[in-house]
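Encoded as C-alpha cells, the structure appears first; notes follow it.
Just so it is clear, none of the values below were taken in a lab; they were calculated from the coordinates. In this text, all values refer to a predicted model and were calculated from it rather than measured experimentally. With ideal geometry, Cβ positions are generated from the backbone for all residues, glycine too; neighbour counts draw on all protein chains shown.
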Amino acid sequence: MSLNSVITSAASLQRLDGVAGVMLFKGRNTIHRQMPFSDTRAENLREIIIQMLDGYRQVRRKMHQVFLEFDGGSLLIVTQDEVVMLFFLTSRADSDLAASAASVMLNDHAALLHGAPTEQQPASRPPADGIEELVVTSPRALSQLTDKAETTVNQWGAVRQCVEGVLGKVMGRAQAANLIQRTITEAKISDPYRLTATAVRKLAASVIEQVPNTSKRRQLLGELEAALEHLDL
Amino acid sequence: MEPTRIIPISSARNTAGAQPSNIVRMEPDPGLIKMESFQGRETLSGGDTESAQRFAGEVKYVGYFADKLAETLGMRRLEIAIVEDRDGQTAISTGEKAGNWHGMISSNRRSIKQVRESLAR
C-alpha cells in the first residue's frame, strides 16, 4: 500500500507561510519528515511527543491538538487516532490555518493512514531498475487542503450545553450525553468542532429529533431554536 | 492629563470614597485560574475547585514534556500551551516569574489566535 498521496499532502503543508518544518508519523513509523535540523533530533522530538500523547491515551483523553509556544518557535501537534501531524512554526505562521489544514489532510487520508503500520519501517531497498519514484509536492495539493480548511472552530461546546439543557427536561443527564454521542457516531462525524454553523445546527436538531413523543419533540425543537438564536448561530 | 489605568476591582483602594478619573476598575475574568509558586509552595486561585485542580495537573504534565521538548529544540522556556481534547480546551500561559502560570479551562473551543489574545489581556 503506497502512502505517496499522504506524503504529497503532508509535504505540501510545508509551503504554508511560517512553517519551518513538518513531520507525519504513526507510532514509531515516520511517514514524512522535513525538519530544519538533524534526523536524530527530529526522532528525539517524535519520541517525546509519543510519550506525551501516550500519557493522555492512558487516562482516556481523546486529544485533538496541542499547541506549544516556546521563546524561539512553536510546535503544533494535530492528532487523529494514532497518527500525528507535527508542525514546527515560526512567529509568522497562521497556527489556526495550519491546524485546520492538517485536520483536513488527516481526515482525507484517514482510511489509508488507518492501515499504516505503527512500527518503524526498514529503509526501503532501491528498486531493481535503479530508478526511484519521486514524490512531488505541488501548490495545487496545498490549495486543495487550505480551501477546505476554512472552518477552524465553532460553537459546538455551547450548542452541546444547550442540547443537554433542553434534553434535561425529558431525560437524565447521562442519558442525554449518551444520546448526543450516539447521534454523532451514527452521523459519522469525527470532530463536531470542525463543522460549519449550519451543520452544527443540523446536528443539534437531529439529536432532539430522536425524542419519541411527537408533542414533546416539537416543544423541545422550539426551545432549541430559541437557545440557538441566543447564541447567534 | 494622566493616562488611564485599568486595575483589578479586587485591589485595595488608597482612599475610601473618591475615585480618580483616570482609573477604571474592571471585574476580574471569572474563568481565569492562577497557579503561583512561592518558597516551594504552590497556590491556586480562580475558577471552581475542579477546574483549578485540572489546570494544575495540566500545567505539571505539559510543563514536564515542554521542558524536554525545549531542550531538544535548543530553546529556553515554554510561553503558551493550548491543549484541546474531545471535551474542550485548556490554555496555559507563563507568568513573569518562573513557576507562575495562569490560564483557563473551557468546554468551548476557540481558535489559537483568540486564546492567545485572551491570555495576553
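Fewest to most neighbouring Cβ within 10 Å: what's the order for A:Thr214, A:Thr183? Fewest to most other Cβ atoms nearby, the residues stand as A:Thr214, A:Thr183.
The mean number of partner chain beta-carbon atoms within 10 angstrom of a residue's beta-carbon across peptide B:102-112 is 5.
For chain A, take the longest principal axis of its alpha carbons; what is the angle in degrees between that and the long axis of helix A:214-230, to the nearest 10 within 0 to 90? Orientation of helix A:214-230: about 60 degrees from the principal axis. Does chain A classify as rounded, prolate or oblate by the C-alpha gyration tensor (a ≥ b ≥ c root eigenvalues; a/c under 1.5 gives rounded; else a/b over b/c gives prolate, otherwise oblate)? Prolate, because a/c is 1.5 or more and a/b exceeds b/c.
Peptide A:55-62: average number of partner chain Cβ atoms within 10 Å per residue? List each step's numbers first, then the result.
Working: counts 3, 3, 0, 0, 2, 2, 4, 3.
Whole-number average of other-chain Cβ neighbours for A:55-62 is 2.
Counting 0.36 nm for each residue step from A:Ala174 to A:His114 and taking away their Cα separation leaves a gain of 18.5 nm. A run of chain A free of exposed loop cleavage sites, with GluC sites (Glu not before Pro) counted only in DSSP states other than H, G, I, E and B and at most 14 other beta carbons within 10 Å, reaches its longest extent at A:1-118. When each of the peptides A:194-206, A:16-28 is scored by the mean number of other C-beta atoms lying within 10 Å of its residues, the order from highest to lowest reads A:16-28, A:194-206.
Counting Cβ atoms of other protein chains within 10 Å of each residue's Cβ and taking the mean over peptide B:76-88 gives 6.
Which of A:Tyr193, A:Tyr56, B:Tyr64 has the fewest other C-beta atoms within 10 Å, and how do the rest follow up to the most? Could the numbers behind the result be given before it?
Working: A:Tyr193 23, A:Tyr56 16, B:Tyr64 13.
With the fewest neighbours first, A:Tyr193, A:Tyr56, B:Tyr64 line up as B:Tyr64, A:Tyr56, A:Tyr193.
What shape does region B:61-121 have by the C-alpha gyration tensor, where a ≥ b ≥ c are the square roots of the eigenvalues, rounded means a/c under 1.5, and otherwise prolate means a/b greater than b/c and oblate the rest? Display every interim value, and only then the final one.
On the way: a/c = 2.05, a/b = 1.51, b/c = 1.36.
In terms of gyration-tensor shape, prolate.
Counting other Cβ atoms within 10 Å as a rough exposure proxy, the listed residues A:Thr185, A:Thr90 run A:Thr185, A:Thr90 from fewest neighbours to most.
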